[in-house]
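Structure first, commentary second.
Please treat every number below as a calculation from the coordinates, not as lab data. Since this is a predicted model, take the numbers as computed values, not measurements. Cβ sites come from the backbone with ideal geometry, for glycine too, and all protein chains shown count toward neighbours.
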Amino acid sequence: MTGLDAGLAFFNKTYSDATDLLVEARNYIAYRRANDARDVDIEVRLLVSQETLRITSRLTQVMAWLLSQRAVQNGELSQEEALGETFAIGGATVCEDDRWTYDDRLPEALRSLLERSHNLYRRVCRLEEMQRRHLAATGS
């Protein structure tokens, strides 16, 4: 397996992980969140809403970045364009904040989504940084 093949396999795995987590998060928000937050005080309900939005922010950033990389693979964007300000992964202030991830007041399913979405976001940040270093080293 060449470096390019390994990179593509890793990208495809990350893309698959992201879409799976996106579907799981959508299902949680659509079908479980209201029930999980029903019998808790207002502070916890607000926290559930806040952290649900954090998951949404992370997954939005991740999917946008992955789709820009797919556009590079399809020849629709250059790697320089994809790593530029328009397509770079963003939202670090919101997406890197994991202080509530292990708060026992939150439902277990939500805590799991928080942890996994944070891990995925960080993985994509590392991928982007690797690509930036590669681009700087090779000029391509």
>> I'd like the Karplus ³J(HN,Hα) series for segment 77-82: coefficients 6.51, -1.76, 1.60, θ = phi - 60°, whole numbers in Hz, and an x wherever there's a Gly or Pro.
In response: 9, 7, 5, 4, 5, 5
>> Kirkwood Rh and Cα-based Rg: tell me the resulting Rg over Rh for the chain, rounded to two decimals.
In response: 1.05
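Compute the length gained on full extension between Ala92 and Ile29: take 0.36 nm times their separation in residues and subtract their Cα-Cα distance, giving the result in nm to one decimal.
Details: separation 63, 0.36 × 63 = 22.68 nm, distance 2.24 nm.
Additional length available on full extension: 20.4 nm.
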>> Helix 108-138 against the longest principal axis of the chain: what's the angle in degrees, Cα atoms only, rounded to the nearest 10?
In response: 20
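Magnitude of the Cβ-charge dipole of the chain, K/R +1 and D/E -1, about the Cα centre, nearest 20 debye? It would help to have the intermediate numbers written out before the result.
Numbers: 18 positive and 22 negative charges, 30 e Å.
Charge dipole, the chain, about its Cα centre: 140 debye, nearest 20.
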> Over segment 35-140, what is the mean sequence separation of C-alpha contacts under 8 Å (at least six apart), divided by residue count, expressed as relative contact order in percent?
Replying inline: 33
